[in-house]
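To keep things clear, I will list the structure first and then write my remarks on it.
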Amino acid sequence: CDPELHSDTSYITFLNRLEESSDVLKKFFEDFPERASVPIRVHPGRVRPRTPIHKNLGVLSIPVDCSPAKLLHVLQSRGEEAHYIHATYLKAQRDSDELLLDAKRTLKLQGLRKSSGVSEVQMKDCCRRLLCIPMKDRYVFEGLTLIICNDYDVKGNGDVRIKWNWQQK
């Protein structure tokens, strides 16, 4: 739900309409259980996203004035696509989290995170290189908190900042 709608009566009206049609919606989700996991974002009627599905997240966007029949139509026509995109997004998130944890465990780091100027792709690239550090050199990293960023620095609290695209010599 769009944060603007939390105190808006139109959102409550929308929820009431869904509740009144709950039998139809329950039947649909019994027939298509995978579509029940599709995230739906409800937005104010005046806000119109360019597409009904977020291309990277698989989130369906519907206006607050959407009728239950229209919601069912969107779920029938775009639900499978949204489910696939969302499942792909979740798998990519799990893979990314696993790569980060592997790098942290392998180097026995206290912490590993990225700065705001580093993308997820850059972070994954850096973690892959960290995992390639030879065994004999890994002791250097034990107990450190690494921050992946765009510069090199050692902070007063002991955090070590390294460039996301560092190269091993």
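The values are calculated or read from the model by the stated rules, or taken from the named source; none is laboratory data. The shown structure was predicted, so the numbers you read here are calculated from the model rather than taken from an experiment. As a convention, Cβ positions derive from the backbone with ideal geometry for all residues, glycine included, and neighbour counts pool all protein chains shown. Heavy atoms of the whole protein, side chains included, go into the accessibility calculation; ligands, DNA and RNA do not. Shrake-Rupley method; radii C 1.70, N 1.55, O 1.52, S 1.80 Å.
Of the residues screened, Lys55 is one that is in a loop (DSSP other than H, G, I, E, B) and either of a type in the set (D, E, K, R) or within 25 Å of Ile12 (Cβ to Cβ) (or both). In summary, Val121 fulfils each of the numbered conditions (1) over 30 Å from Leu57 (Cα atoms); (2) modelled with pLDDT under 95; (3) aliphatic (A, V, I, L, M) with the single exception of condition (1). Determine, yes or no, whether Ala87 is closer than 28 Å to Ile40 by Cβ and either in contact (Cβ under 8 Å) with a residue 24 or more places away in the chain or not in a helix (DSSP H, G or I) (or both). Taking the combined requirement at face value, the residue satisfies it. For segment 42-58, the condition of being touching a Phe, Trp or Tyr at 6+ places or on another chain (Cβ under 8 Å), under 17 Å from Phe29 (Cα atoms) and surrounded by 17 or more Cβ atoms within 10 Å (Cβ to Cβ) holds for none of the residues.
Does Arg94 qualify as being modelled with pLDDT of 85 or more, assigned to a helix (DSSP H, G or I) and under 30 Å from Gln122 (Cα atoms)? Yes: the conditions hold for Arg94.
Taken together, the residues in segment 118-167 that are farther than 18 Å from Arg105 by Cα, part of a loop (DSSP other than H, G, I, E, B) and either open to solvent by less than 50 Å² (accessible area, probe 1.4 Å) or not charged (D, E, K, R) (or both) amount to 11. Checking each residue in segment 63-78 for being open to solvent by 30 Å² or more (accessible area, probe 1.4 Å) and in a helix (DSSP H, G or I) picks out Ala69, Lys70, His73, Gln76, Ser77, Arg78.
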